[in-house]
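Here's the structure, in C-alpha cells; my notes come after.
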Amino acid sequence: MPHFLTLAGLPATTLTSLLDASASYKRTRPHGHPPWLNGKTVAVVLEKASTRTRVGFEVAIQELGGHAIVLTSVGSQLGRGEPVEDTARVLGRMCHGIVYRTFGDERMQRMASASGVPVINALTDLEHPCQIVADLLTVRERLGSLDVRYAWIGDGNNMAVSWIHAAAVFGLTLTLACPDGYHPDPDVVADARAAGATVHVVGDPVEAARGADVIMTDVWASMGQEAEARTRAEAFAGYLVDDGLFLHASGRAIALHCLPAHRGEEISASIIDGPRGEAIWDQAENRMHTHKAILELAFTGGAHGPIWP
C-alpha cells in the first residue's frame, strides 16, 4: 500500500520528484489541473487542531477533482474511544484514501495497517513529513538549491526529527540548537549521519546560526504540551530567533516557521513580519501545492509527474 508516513528511508529521487511535481502544481494552478481525483473521496481525519494542514488538503483534493470529508475528534467516534482500527476499516471501505493527523505515532501505524487504502501522515508527535516537503520547496525557491546550511533553534520535536530525516535523504548540513532535556532522539541523529548527512546537536543558538542560510524554529510547547508551557519557557530562554541571532547567519539567510507562531517567544515580530520572514508565508502557501504532489504519490505512485503544461 503506497502510504506516505515518513521521510525516513525515502529515496532522494522520490523526494526530488515530489518537489518537482509540487513546483509544477504551483506554476500551473491558475490554469487548473486535470481532475485525476475525480470520483475519489478522501477522509481528512484530524485528532489535533489544524489550519494549514486542513485547508491545504481540502483545497488540494478539491482542485484535483476529488471530495474531502473532514472528521475531527469532536465529530467522530474516535473522540469517544473507538479503536483506530475500527475507524480505519470503515473509512477504508467508504473512502479512497485517508489523511490522518494524530498524537502518538503508533496510532498512525495502526491506521495505515488496518485501512486498506493509502494513508498520509499529516502530523504525529514523532514526525511531520508533509510540512518538511513544503519547507524544502520553499528553500529551493528562495535560495535556488537545497545544498545550503540549515539551523534549527528550539525543541528537538517532530519538526526537528523530520528535518533530520530530510537531511539524511539529501545529505544536508544541519545544526540543531536545543537545551538539555530537549534534544532529538540520538538514534535518529546517528541514522542520519550514517546516511551521509552532517548533523550536529549543540546547546548554543549562536553556534547553530553561524553561517546558516536557513534558520528554523517552532513553538516551544506543541499541541498536547500546554501543561508544560511554563517549564518549557524557562528551558528555552535564550532560544529566541531574532535580529541578533541573524547577525551570525549568512547575508542571504531566511527564517522558516511552520506556524502558528508566538511572537516574542520563539521568534521576534521583527523577523516573522520583516524581510527575513517573508519565506514563512511562501512556506504556508506551499503546503497546498505539496499536498497535491503527496496525494499523487500516494494514489498513483507519482504516475502523472510534473507534466502539466
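Each reported figure results from applying straightforward, stated rules to the coordinates on display, with no laboratory input. The model shown is predicted, which means the values in this text are computed figures rather than measured ones. FYI the Cβ positions are ideal-geometry reconstructions off the backbone, even for glycines, and counts take in every protein chain you see.
Values for this structure:
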quantity	calculated
Residue order, fewest to most surrounding Cβ atoms within 10 angstrom, among T72, T102, T300	T300, T72, T102
Degrees separating the helix 12-28 axis from the principal Cα axis of the chain, which is the longest one	80
Residue among T198, T28, T175 with the largest mean-square fluctuation in a Gaussian network model of the chain, springs linking Cα atoms under 10 Å	T28
Exposure proxy order (Cβ contacts within 10 Å, fewest to most) of I164, I98	I98, I164
Placed amide H near I267: partners under 5 Å, 5+ positions off or other chain	V241, H262
Residues E265, E228, E127, sorted so that the one with the fewest Cβ neighbours within 10 Å comes first	E228, E265, E127
C-alpha center-to-center spacing [the stretch 46-103, the stretch 106-162] in angstrom	18
Qualifying trypsin sites (Lys or Arg not before Pro) in the stretch 186-290, DSSP loop, other Cβ atoms within 10 Å at most 14	R252
Rounded to whole Hz, the Karplus (6.51, -1.76, 1.60) HN-Hα couplings of the stretch 239-245, x for glycine and proline	9, 6, 7, 9, 4, x, 5
Segment H200-D147, extension gain: residue separation times 0.36 nm, minus the distance between their alpha carbons	17.5 nm
Rough spin-label spacing in nm, given labels placed 7 Å along Cα→Cβ, for E85 and H183	3.7
Global geometry of the stretch 231-288, whether rounded, prolate or oblate, following the gyration tensor of its Cα atoms and the 1.5 cut on a/c	oblate
Between helix 105-115 and the chain: long-axis angle, C-alpha atoms, 0 to 90°, nearest 10	20
Principal-axis tilt of helix 278-300 within the chain, Cα atoms, nearest 10 degrees	40
Cross-link partners of K26 among lysines (Cα-Cα below 24 Å; sequence separation of 8 or more within a chain)	K40, K292
Gyration tensor verdict on the chain (Cα atoms; rounded if a/c is under 1.5, prolate if a/b is larger than b/c, oblate otherwise)	prolate
Gyration tensor verdict on the stretch 63-130 (Cα atoms; rounded if a/c is under 1.5, prolate if a/b is larger than b/c, oblate otherwise)	rounded
V44 long-range amide H proximity, modeled H, under 5 Å	I69, V70, L71, V99
Mean ellipticity per residue at 222 nm, deg cm²/dmol - from DSSP H runs of n ≥ 4 across the chain, formula -39500 (n - 2.57)	-13000 deg cm²/dmol
